[in-house]
Every structure is written in C-alpha cells, then in structure tokens.
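K.L.:
I'd like to ask you about the structure that follows.
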Amino acid sequence: MGVLTQDFRKRAFKDFKTFSVMKSKLEKYLGELKGKKILDVGCGRRYPYTLLFHSLGNDVVGIDVAYVGCEFFIKRYWKELTLNGFKSFVRAVLFDFLGQKRTYYKTLQELCNFSLNKKGLIFKKMNAENLTFQEATFDLVVSISCFEHIKNVPKAISELNRVLKPGGFAYIKIHLFTSRTGGHHIGRQYKFVPPWDHLRQNRFPVPEYLNKLKKDEWLGLVSEKYVIIEIISQLDREAEELLTPEILSELSEYSKDELLIESITLLMLKNV
C-alpha cells in the first residue's frame, strides 16, 4: 500500500517543485495567479495544487472520481468508507495516524513563502468526461498525472475546452505509458519490478486503469481543441542507464525517446 512505502516529505518536495514550474510557466501568459477561476482535474487525496492555488487567492475547484475532503476526521472517514470503499478508508486512516499527513503538509508549508489556507476549499466528486460546470466558467484548467487514467480522452478534452473561457489556458501533465515508470508501480516496488515490465512480460501488473496512449497520440488529440504553446518533456535519467541494447531490441516497436521520456506537460490555449 502506497501510504506505507512512500516518503511523504519527499512527495511534498516533488509536488511543490511541480507547482513552482507550473506557476512560473503560466504567469508568462496569465500574469499574477490571483483572482483566477481554476479547475484542478484529478486533484487527488492530498490535493496539493488545489490547496496551493487557493492559498494564493484564486477561486479553485478540485475534482476527482473519488471522494476528496478536508472535513473533521470522523465525517471524512465516514465518507471515505461509504463513498470510496474500505481500502481507501484504511489508507486515509493510516495517512493520518502514521503521521504522514502532518509530515506532508508541514513540509509543503515550509517550502511556501505564503500561508497555506484550507478554509473554503471546494471539492467535487466528478469525472472529467462529464463535467457539470457551465460553459466558459474557468480561466485555467490544470491536471497533473491524471489524464493517463481517463478512458474517453477525446470526451474529456472536449469537456475541458467547453468549460474554459475564450482565451483560457490548460496545463496538463501526462505520465507516459511507454516510459520506464509508465506501469505505475510505487516507490520501492521498482527494486523488484524489471525495467519496462509493463511493456514486456507484464509480470507485475498494477490494478489501475491506464489508457496506454503514446506521446504522438496525445499531441494529435489535444491539437483538435487547443493551440499548443509549449511542450515540456521530462527525461527519466535512471532509465538511460537501464535501457540496455537487449531491452531496446526487445521493445523495437517503441522509439528510444518514447522509452526515455517519463512525462510530457502541455501548456495550451483554447482554440476558438
């Protein structure tokens, strides 16, 4: 279970770095990120980007297919159990009582030059393929490592475009299936999972839906609705050492770049 194996101080550093890069990139086009209406798609149980943008003074809504909340713990645990199921409930309890929650948010606050504010946070249980918001609601849509889990990607892309205002921006980071970590194992699991196992024998499958789209397929889909302003590719440095000639030959249907690029981030403008 991820809550037992992850280093949540390290996780906070990683999330804050992602936020800092995102903020820097977006402010070139949107100016100061304050007073904006922002949709965070796939905000997750820790909701770092919803929290950080909200704390900067934006009107943010975080959505996820699972229940996400920051209410008093008894109410939150009950919703975890009834809406997300027993496994999610246990994970939430462990996250709190093992001190991981305290460690994560304390570290996140230490990294900020502004105060984190959970008061007034808004979360909705919602699928990106079927958004209930009105047209032209948001100035900005952000999504970090969520879209690779969406089944009907064209529908989700269309829905995000619909709820964006004219001239609105989308910032979407996608964990590529063809990368070494594209099988979505967690942390220490990679010590015993062979490199690119999900593309080879798949001896260690993860019970998690992945749409398996390649980089070029992603670019083709988003270009129908958006003008791509910038593509940020993140290389997996460890993969460069692990990609032997034997593995490269075995995975000859994939290019070397497909195997080495861990994620792409797409900064896009609504195509009106």
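K.L.:
Within the group Leu83, Leu26, which residue is closer than 30 Å to Glu230 by Cβ and out of contact with any Asp or Glu (no Cβ under 7 Å at 6 or more places or on another chain)? Walk me through it before giving the result.
P.N.:
Details: Leu83 fails: closer than 30 Å to Glu230 by Cβ.
Answer to the check: Leu26.
K.L.:
Which ones in segment 100-131 are polar (S, T, N, Q) and out of contact with any Asp or Glu (no Cβ under 8 Å at 6 or more places or on another chain)?
P.N.:
Residues of segment 100-131 that are polar (S, T, N, Q), as a first pass: 100, 103, 107, 109, 113, 115, 117, 127, 130.
Correct list: Gln100, Thr103, Thr107, Gln109, Asn113, Ser115, Asn117, Asn127.
K.L.:
Additional query: Residues that are of a type in the set (A, V, I, L, M) and touching a helix residue (DSSP H, G or I) at 6+ places or on another chain (Cβ under 6 Å): which helices (runs of 4 or more DSSP H) entirely in segment 1-117 hold 2 or more of them? Break it down into steps so the answer makes sense when it comes.
P.N.:
Values: elements: 2-5, 8-30, 48-55, 73-79, 86-97, 100-111.
In segment 1-117, 86-97, 100-111 are the helices (runs of 4 or more DSSP H) which contain 2 or more residues that are of a type in the set (A, V, I, L, M) and touching a helix residue (DSSP H, G or I) at 6+ places or on another chain (Cβ under 6 Å).
K.L.:
Next question. From Gly69, Gly99, which residue is surrounded by fewer than 14 Cβ atoms within 10 Å (Cβ to Cβ) and either among the hydrophobic types (A, V, I, L, M, F, W, C) or at pLDDT below 95 (or both)? Let's see the steps before the verdict.
P.N.:
Values: Gly69 fails: surrounded by fewer than 14 Cβ atoms within 10 Å (Cβ to Cβ).
Just a single option satisfies the conditions, and that option is Gly99.
K.L.:
Another one. State the number of residues belonging to segment 109-155 that are among the acidic types (Asp, Glu) and within 20 Å of Asn84 (Cβ to Cβ).
P.N.:
Number of matching residues: 1.
K.L.:
Only one of these conditions is not met by Val142: (1) touching a residue at least 24 places away in the same chain (Cβ under 8 Å); (2) out of contact with any strand residue (DSSP E or B) (no Cβ under 7 Å at 6 or more places or on another chain); (3) under 24 Å from Ala66 (Cα atoms). Which number is it?
P.N.:
Val142 satisfies every listed condition except (2).
K.L.:
Here is a list of conditions, (1) touching a Cys at 6+ places or on another chain (Cβ under 8 Å); (2) in a loop (DSSP other than H, G, I, E, B), and Asn127 meets all of them except one; can you say which number that is?
P.N.:
(1)
K.L.:
In addition: So, in segment 185-226, of the ones that are assigned to a helix (DSSP H, G or I) and among the hydrophobic types (A, V, I, L, M, F, W, C), which residue ends up surrounded by the most Cβ atoms within 10 Å (Cβ to Cβ)? It would help to see each step written out before you state the result.
P.N.:
Step one: filter segment 185-226 for residues assigned to a helix (DSSP H, G or I), giving 187-191, 197-199, 215-222.
Retained after the next criterion (residues that are among the hydrophobic types (A, V, I, L, M, F, W, C)): 199, 218-219, 221-222.
Values: Leu199: 21, Trp218: 21, Leu219: 14, Leu221: 17, Val222: 23.
That would be Val222.
The values are calculated or read from the model by the stated rules, or taken from the named source; none is laboratory data. All values reported here derive from a predicted model rather than from experimental measurement. When we count neighbours, we look across all protein chains shown, and the Cβ atoms used for this are built from the backbone with ideal geometry, even at glycine.
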